[in-house]
Each structure stands twice: as structure tokens, then as C-alpha cells.
Amino acid sequence: MKKRFESIDVFRGLTVMLMTIVNNPGDWGNIYGPFQHAEWHGCTPTDLVFPFFLFIVGVSTVLSIPVGGDKSKTSLIKIWTRGLRIFGLGLFLSFFGKIQLHGIEGLPLLAFRMCFVAMATIIFLGEFTEKVKFYSSIIAVGFMLFLAYSGLEAFESVRIPGVLQRIAVVYLVIALMYRRFSVKSLYIFFGGILLIYWMLMTLVEVPGFGAPNMEKGTNLAAWLDNLLLEGHLWASSKTWDPEGILSTLPAVATGLFGIFVAQLLRGKGESTSIFKQLMLVGVGAVIIGQLWGLVFPINKALWTSSYVVYTGGLATLLIGILYYLIEIRESKSWTRPIDYFGVNPMVVFFFSGIIPRVLGMIKLTNSEGETQNLQSFLYHNLYADHITNQQTASLLGALTYLFIWFLILAFFYRKNLIFKV
């Protein structure tokens with residue numbers, strides 16, 4: 001029988017809330033430091049969002065399965081289906097801005113693209129039989145990958161990696177590993193992944209660049225991305241991707257970290273004993289991660305091994321604190337608004353990617369006769385033109401967006417509308 005931990009739901013909700021804020025500032029050029037990624041090495045609160053998401057994927061992988069496991073063929077199909085659907089949602093975000101129709105522009109093009117949004121929502125978030133979900137996902141993902149490599153000009157630079165794509169791959173790998181191997185074996189895989197990645201990044205020479213290094217665009221991970229995904233990488237770099245191929249390997253270890261913590265939560269000891277174990281593991285991992293970072297710097301874009309251990313430790317500490325407050329002290333009066341965000345995380349993530357793109361396509365003319373997109377128009381008229389501190393204005397824009405999502409998700413929650421991939 002599955003045991004539900006409300007502390008896990010709150011952890012997920014807090015992660016989604018922070019993700020919504022950092023991904024949707026009012027002005028990308030004016031952001032407070034904690035809401036920006038580290039320039040390269042280092043870790044800000046914003047750099048915790050993605051590993052926390054992968055960490056909770058690992059925790060949920062364990063807690064969603066009855067004690068004793070489920071080795072049925074149906075469960076295997078569900079794993080593959082969920083992985084494909086998450087991957088498809090992320091890949092569609094890359095395709096949205098590439099969709100064209102005989103040179104039309106403006107609102108007619110937006111309407112055309114929104115038809116595809118509706119199709120993607122039905123395919124990847126709709127509720128059907130497992131077979132229908134599985135085969136429709138394979139067809140949709142396969143079709144998008146075909147378009148990306150078809151030679152068609154419109155799709156020749158569509159990005160293949162991405163945040164949701166990495167979540168999908170990590171989920172698929174760790175779910176299959178958890179289904180096949182013992183937890184003891186997973187610990188060996190975890191340590192092996194982190195050590196192998198460390199050696200690859202610090203000992204292997206980079207073809208075309210020479211000595212091993214950890215600089216932007218010239219490290220081994222960047223070389224592999226450019227070799228295998230040339231033309232389909234992050235638009236801001238074009239030569240490497242923060243969600244690239246090689247760095248997905250240690251991202252799998254982040255998911256495994258979540259599996260180990262879920263095993264602690266499922267332990268047979270008393271609640272206070274579980275809490276102490278969580279705090280001990282969390283503190284130990286944070287210290288080890290920082291020490292390892294002295295020789296293998298903590299770096300989100302490279303997803304270094306030290307970053308895995310450090311962020312996993314912080315995630316464990318946060319879960320430990322929430323576990324103490326909610327499961328032990330039974331302090332739950334404040335959790336409901338956060339639960340709203342934890343129940344439908346994929347809906348928030350997917351449509352938080354679509355909405356700015358839609359608003360960016362709607363053009364308006366301001367009082368000075370200048371053309372602005374709707375997102376910029378609203379932000380300037382509500383905040384930027386009336387607040388001196390532009391970083392504060394930008395944060396208020398993000399918080400407004402968060403509040404809008406709060407209203408939407410509260411409605412979904414009360415109507416028991418849960419959209420699962």
C-alpha cells in the first residue's frame with residue numbers, strides 16, 4: 001500500500017512556485033541576484049530549481065509504487081508513456097515558434113499555432129487508455145524528430161534538448177533502473193556515475209580544443225553536444241547546451257539521490273528517527289559537495305558531480321524540515337495554497353512556456369506610437385513606467401504572473417482537475 005507524504009507535495013509545490021517566478025520576470029534585463037543563475041561556477045537559489053525537480057522525480061518514482069514493487073507489463077508501458085509524454089511537451093515548446101503557414105504573420109499565424117497547442121495538449125496531457133497514450137506519444141515525438149532532421153528550413157535549428165526533455169530522460173532511466181535493480185546496486189551506479197563524469201570532464205582531452213577544461217563551449221560536454229546535435233542546440237550558445245547529452249548522465253544521479261531519500265521516508269523507524277536521518281544525510285551531502293567543489297566546481301550548466309551532491313543535500317534538508325513540520329508536528333494549515341502548484345506541475349511548466357510566446361506575438365501600439373508586444377505593453381503600463389527600481393518592477397511582474405497561476409490552479413484543485421502525463 002502506498003503511503004502519502006504531504007511534505008513531498010509541499011516540496012514539489014514550492015519548487016514549481018520558485019520555477020514560475022524565476023522563469024517569468026517582468027524584465028530579463030533587471031533581475032535581483034538570487035533570481036538569476038550563477039554566471040558559470042557557483043550556485044544561486046535559482047540554480048536549485050531544476051535539481052530539486054529531478055530530485056522529487058526520484059522521490060515520487062518510489063512513493064508512487066506500492067511496497068514490494070510492480071513488475072507488471074502495464075507498469076512498464078506506463079513508465080515509457082510518461083517519459084515520452086514529458087519529452088513531447090518539451091520538444092513541442094521548441095517547435096512552437098518554428099511553425100509557419102505560407103508566409104502568414106500576426107494573429108492569423110498565432111491562431112494557426114494555437115491549433116497545434118491544442119493538439120499537443122490533447123496528445124500529451126489527455127486521458128486515454130494506456131495503449132492510446134503510448135502509441136500517440138510515439139507517433140507525435142517521432143514526427144517532431146523527423147521534422148527536425150528533415151532538412152526543412154523552418155525546423156533546421158529547432159532545439160532538441162531542453163528542461164522537460166531532460167526530466168523525461170532522467171525519469172525514464174531511473175524508473176527502469178528502480179524496476180530492475182536493487183537499491184544497493186543503485187548506490188553503486190550513483191557513485192560510479194559521479195566518478196566517471198568527474199574523470200571524463202577533468203582527464204579526457206577535448207578534440208579540437210586540447211587539454212581537459214571546464215570553460216564555456218570548449219569542454220568535453222560542449223564538444224559532444226556540438227558533434228551530435230549540431231544546429232539543434234540552445235539558441236543563446238549554438239555550440240553547447242545546458243541540457244546537453246553528457247551532462248544528462250550526472251542528472252540521472254540527481255534522480256537516484258531522490259530514490260535514496262524516498263527509501264529513508266519509507267523506513268520502518270519512528271518519525272523522529274527518519275527526520276534525524278534526513279538531516280544527517282542532508283548536512284553530510286552539502287559538506288561533501290562543497291569540498292568536492294574545490295577540485296570539481298559546482299556548476300549547473302555542466303551539472304558537475306559536486307553540484308549533484310550539494311543540491312541533493314539541500315533538497316534533503318528541505319524535505320527534512322517539511323517532514324518535521326508537516327508529518328511530525330502536523331502543522332498543515334499553511335500548506336493548501338502550495339499544494340495547488342504541486343498537483344499540476346506539468347501544466348504550469350508547459351503553459352508557462354507557451355503563454356510568453358503567445359503574448360510576444362500580439363502587437364500593440366503604446367501612447368508614444370511605438371509597437372510593443374502584449375507582454376511588454378502590460379509590464380510597462382503596470383509596473384516599469386511607475387516604479388523607479390526596475391529590479392523591483394521586474395519581481396512584481398513575476399509575482400503577478402505567479403498569482404494568476406495561483407487563481408487558475410486553485411480553480412483546478414477545487415474542481416479536482418488533475419492533468420497527468
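The values are calculated or read from the model by the stated rules, or taken from the named source; none is laboratory data. Since we're looking at a predicted model, the values are computed, not measured. Positions of Cβ are backbone-derived with ideal geometry, glycine not excepted, and every protein chain shown enters the neighbour counts.
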Take the residues in the stretch 145-186 that are outside any helix (DSSP H, G or I) and β-branched (Val, Ile, Thr); name whichever of them is farthest from Pro250 (Cα to Cα). Val158
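Restricting attention to the stretch 132-151, which residues are under 26 Å from the mean Cα position of the chain (by Cα) and either over 18 Å from Met346 (Cβ atoms) or β-branched (Val, Ile, Thr) (or both)?
Pass one, the stretch 132-151, residues under 26 Å from the mean Cα position of the chain (by Cα): 132-149.
Those that are under 26 Å from the mean Cα position of the chain (by Cα) and either over 18 Å from Met346 (Cβ atoms) or β-branched (Val, Ile, Thr) (or both): Val132, Tyr135, Ile138, Ile139, Val141, Gly142, Phe143, Leu145, Phe146, Leu147, Ala148, Tyr149.
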Looking at Phe350, is it outside the structural domain of Ile193 (by TED's automatic domain parsing), buried (at least 19 other Cβ atoms within 10 Å of the Cβ) and either in a helix (DSSP H, G or I) or touching a Cys at 6+ places or on another chain (Cβ under 6 Å) (or both)? yes
Filter the stretch 215-231 for residues that are touching a residue at least 12 places away in the same chain (Cβ under 8 Å) and part of a loop (DSSP other than H, G, I, E, B) and give the result. Lys216, Gly217, Thr218, Asn219, Leu229, Gly231
Report yes if Glu368 is surrounded by fewer than 23 Cβ atoms within 10 Å (Cβ to Cβ) and either assigned by TED's automatic domain parsing to the domain that holds Leu246 or touching a residue at least 60 places away in the same chain (Cβ under 8 Å) (or both), otherwise no. no
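Go through the residues of the stretch 187-201 one by one and say whether even a single one is in contact with a strand residue (DSSP E or B) (Cβ under 6 Å, 6 or more places away or on another chain) and part of a helix (DSSP H, G or I).
no
Could we say that Tyr401 is hydroxyl-bearing (Ser, Thr, Tyr) and either touching a helix residue (DSSP H, G or I) at 6+ places or on another chain (Cβ under 6 Å) or at pLDDT below 90 (or both) here?
no
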Hey, does the stretch 40-61 have a residue that's surrounded by 20 or more Cβ atoms within 10 Å (Cβ to Cβ), at pLDDT below 95 and in the same structural domain as Phe190 (by TED's automatic domain parsing)? yes
If you check every pair at least six apart or on different chains, which have Cβ atoms under 6 Å apart with a residue in the stretch 308-337 that is farther than 11 Å from Phe11 by Cβ first and a residue that is among the basic types (Lys, Arg) and surrounded by fewer than 18 Cβ atoms within 10 Å (Cβ to Cβ) second? none
Check whether at least one residue in the stretch 357-372 is assigned to a loop (DSSP other than H, G, I, E, B), modelled with pLDDT under 95 and touching a helix residue (DSSP H, G or I) at 6+ places or on another chain (Cβ under 8 Å), and report yes or no. yes
Exactly one of (1) modelled with pLDDT of 95 or more; (2) more than 23 Å from the chain's Cα centre (by Cα); (3) of a type in the set (Ser, Thr, Tyr) is unmet by Ser182. Its number? (1)
